[in-house]
1. Looking at the chain only, what percent of DSSP beta bridges run antiparallel? Nearest 5 please.
2. If you place +1 on the Cβ of every Lys and Arg and -1 on the Cβ of every Asp and Glu, how big does the dipole about the Cα centre of the chain come out, in debye to the nearest 20?
3. Ordered by residue, what ³J(HN,Hα) values in Hz, to whole numbers, does region 136-149 give under the Karplus form 6.51 cos²θ - 1.76 cosθ + 1.60, where θ = phi - 60° and Gly and Pro are x?
4. Using just the C-alpha positions of region 139-276 as equal point scatterers, what log10 of I(q)/I(0) does the Debye formula give at each q in 0.16 1/Å?
5. Roughly what % antiparallel, to the nearest 5, for the DSSP beta bridges in region 22-227?
6. Hey, what angle do you get for helix 232-245 against the long axis of the chain, alpha-carbon based, 0 to 90 degrees rounded to 10?
7. Say the cut-off is 26 Å between C-alpha atoms; which of K63/K136; K128/K149; K128/K344; K68/K382; K3/K89 go over it?
8. If one computes the Cα centroid of region 208-225 and of region 345-382, what distance in Å separates the two points?
Amino acid sequence: MDKIIIEGQNPLSGTVSISGAKNAVLPIMTAALMADGISRIDRVPDLRDTRTMIKLMEIVGAKCSFEKGSLKIDGSSVDNPEAPYDLVKTMRASFYVLGPLLARFGSVKVSLPGGCAWGPRPVDFHLKGLEKLGAKITLSSGYIMAEAKRLKGAKISFEFPSVGATGNIVMAAATAEGTTVIENAAREPEIVQLCEYLNTMGASIQGIGSTRIIIDGVDSLHAADIEVIPDRIEAGTFLIAGGLLGEIELTNVNPSHLDSLLLKLKEAGCGIHTSANSIRINPADNLKPVDMTTAVYPGFATDLQAQWVALMTVASGSSVITDTVYHDRFSHIPELNRFGANIKSDNNTAFVRGVNELIGAPVMSTDIRASASLIIAGLIAKGQTTVSRIYHIDRGYEKIEEKFRALGANIIRDNSPG
Ligand code: EPZ
């Protein structure tokens, strides 16, 4: 089983190029299923999750070819509207096929995603939204069956601005009869790009990036090309590491997607310089403790919460970190405490007391972003750290150890058996 081995405390320096955004490319791939013809998506990161989604595309009948970051999806041959359990259980984002396949075929069968490392991940907002559009939803043996001759536009209001539910409903509504209005829609950059992509496919979507999205249904969509936006969570992960370990520059990044993080890094004493598509960070001489509460975009991303906790473990004081998006996303805390960190958690809040030094230790990944926080801790810690179960990190980061090694970290991937 692959693991990552780190000898900590190497200073970082140099430039790192940020990959395309995992959470943008996954829904864009499912949108391509709605059109006949070949769609080309550029700057696709080579991840476990993108490979899983390609597998799902092929199971539903699409033809895919993926090389050097460029993915072609031919939706003409899509003929099997079904997403099987053994695939959906490995990646919740598989649920994104529900809206597109229902819209295109009038019936679809998708396995209910299970929970994940940090708890249940319900899909009730997705299902209620589709029912509002006229779908008949039934659940049988762990599968969602959805049927609708033709979806009809409706007014849908989310009790929480769910990223996935917004994506699924926007795609389903794109070819519904009439107009759909989504209130309390997600505003994440990944959903903005999905809506923009659908419009290049012939959809008619307004209010993109606002909490109120209006979709005028069209008869059909056609194939279209797109280049994926930079991955703001990968970028944030590197910035947080640089906040303590050295001056690094990120290229091919969109600083405007990271305003909340950049503000917190400055509060912690880091220097930040940005241009249109780069960010340079200078480490804090004395890392200040900074409280943080996650929120939906443009707030501080929950996907950077674990990484922020890792940084605060060695701040010069105590900090309080609350996750308002997921109330139980703290599986990284027991692992970080194995480094000698001093973190207690209660409900959806972590209480971090800064310590002088972390000491390297063998630790275990539990999910994508928890793994990233363990790598950051290993880079900071004195001595050797071994991070196991790194298939989690490979789901969401492209060659992370190579990118950190190029910045001067002493980090290798050990894929010896046992
Ligand atoms: C997306 O997940 C991201 N995944 C997640 O990133 C990210 O953490 C999350 O958005 C929040 O930003 C992808 O884009 C593939 P939600 P999603 O629906 O869409 C509750 C990563 O590390 N909820 O916005 O599943 C839910 O339980 C991953 O890259 C319902 O109650 O997130 C959560 O508390 C992890 N019912 C909140 O809403 C629903 O039907 C936000 O979930 C849907 C969601």
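1. 75 percent
2. Numbers: 41 positive and 45 negative charges, 93 e Å.
Here the chain has a charge dipole of around 440 debye.
3. Using θ = phi - 60°, the values come out as 9, 10, 10, 10, 8, 6, x, 10, 8, 10, 10, 9, 6, 3 Hz.
4. -0.89
5. 75 percent
6. 0 degrees
7. Long pairs (Cα-Cα over 26 Å): K63/K136; K128/K344; K68/K382.
8. Taking the Cα centre of region 345-382 as reference, the centre of region 208-225 is 41 Å away.
The values are calculated or read from the model by the stated rules, or taken from the named source; none is laboratory data. Please read these numbers as outputs of a predicted model, since none were measured by experiment. Using ideal geometry, Cβ is built from the backbone for each residue, glycine included, and neighbour counts are taken over all protein chains shown. Please note that ligands, DNA and RNA were not included when accessible areas were found on the heavy atoms of the full protein model with its side chains. Shrake-Rupley method; radii C 1.70, N 1.55, O 1.52, S 1.80 Å.
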